[in-house]
1. Rank these by accessible area, largest first, 1.4 Å probe: H223, H389.
2. Regarding the stretch 4-282, what whole-number volume in Å³ per residue does the convex hull of its Cα atoms give?
3. Over the stretch 4-282, average the accessible area per residue using a 1.4 Å probe and give it in Å², no decimals.
4. Counting only protein heavy atoms and using a 1.4 Å probe, what share of the accessible area of the chain belongs to carbon plus sulfur, as a whole percent?
5. Using a 1.4 angstrom probe with every protein chain in place, what is the largest-first accessible-area order of H191, H303?
6. Tell me the accessible surface of K403 in square angstrom (1.4 angstrom probe, heavy atoms of protein chains only), to the nearest ten.
7. Report L86's accessible area, 1.4 Å probe, all protein chains in place, as a number in Å² to the nearest 10.
8. Please compute the contact order of the chain in relative form: average sequence separation of alpha-carbon pairs under 8 Å and at least six residues apart, divided by the residue count, as a percent.
Amino acid sequence: MQSMASQLAKLSYLTLKKAGRTGGTWPGEIALRLDKSYLSNNLEKLQQGFVLVTGTNGKTTTTHLLVEILRVSGMSVVTNSSGANLPNGLASAFIEAESQKRNPDIGVFEIDENYLPSILNLVTPRIVVITNIFRDQLDRFGEIETIKNKWIKSLSGKGVQLVLNSDDPAVAAIGLLGDLDSYYFGIDFKHASNFANLKSPKDSGFCLRCGEKLTFKIIFYSHLGDWSCQNCGLTRPKPTEMGGNYSLQLPGNYNQYNVAGSILASTLLGIERQISLTVSESFVGVFGRGETIDFEGGKFELHLAKNPTGFTQSLSEVHDAVSPVIVLLLNDKIADGQDISWIWDIGLEEIIIHPQHLIIGGSRANDLALRLFYAGIETERLHVYENFHHALQTASQLSNGEKVPIVATYTAMLKARKILLGKSLL
Ligand SMILES: [Zn+2]
């Protein structure tokens, strides 16, 4: 017999689906309001357990890729594919699976960093993957050290297998200092020359054991690299799964990390590495993360950027683009982050932006244009558009048939994507 909570939640899912609105959090919200244990009960029912993927950047791609690997291997997976990564989003994923009469045997969920400890208090995942920790999260919930301590406390004694980024000192410290069952992924330094070796903001510059400044032999981007503490000897652990040279459809070096993390997690779940590798190589990504869309004779490639590191990284990835035009979109809605002062932390001074024309749009286009001006971009190269449709049309006309990169914040990207797909004329 199904519970009342699940029946009502399913009803709301089907109603929303009829209205063309799937992937929302409402069905899960209803289920959790009627039955607080709806989520934990369903998670515990999964025969093969579940994986949580968390971190600042890369969790959506890592989650989607891991799901793809498991599905190709014949498993029935429940996942919050819409990226709704709070408990109501996870609950919605179960309602969706129930409504589709699927009986999943394993779960893979991306989870907001802020909610990891509270979820771990309720249930025990089989694996937790931590991609990285960047500074943009800090004003929301304290310093990196506090997060690390909180996470170690919530993971201790649970028997969870941890899949950690060895190149991120804050993430690796969780395994090294927490005495937890840890497995590491990172970049193989043999392939260091494939990387831009950027010097964008370094967040985790200090040793989490003794507080001394860390020494880096190589930095791949931001604070990710080959680190060690000269004072107490804490050192980057040697990764067992090493990226850097995967041949991928996914653009960008940061995806080498996402793939390494997904392969390592699948290996721990008993999937043959060769299968994971093959799936990874053909994986084309999640919407807004390297997706290519044709529009009015032009071709666009979407890059989501939600913080200075993401923006810097996206710009450095499109650095080699031959397009004479690039589109940069900045909104300041809640999902983008309303405080946009972070644009001053984008490592613009270290990146040469080649395209002749920079099309700037979004509700804070003028702020972004000002930032670019101060980075030394000549005003005649900057074109500010209030109207997204006009911005994209102009970019298409200026593109000479080359693929135009769009770097955008979350809601700006959703809007641009709608226009490109012909779903909106606004
Ligand atoms: Zn130290």
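1. H389, H223
2. Residue-normalised Cα hull volume stands at 130 Å³.
3. Per residue, the stretch 4-282 has an accessible area of 42 Å².
4. Taking all protein chains in place, the chain shows 49 percent carbon and sulfur surface.
5. Putting H191, H303 in descending order of accessible area: H191, H303.
6. 80
7. Rounded to the nearest 10, the figure is 60 Å².
8. Computed over the chain, the figure is 13 percent.
The values are calculated or read from the model by the stated rules, or taken from the named source; none is laboratory data. This one's a predicted model, so the numbers in the text were calculated from it and none came from an experiment. SASA here: full protein model, heavy atoms, side chains in, ligands and nucleic acids out. Shrake-Rupley method; radii C 1.70, N 1.55, O 1.52, S 1.80 Å.
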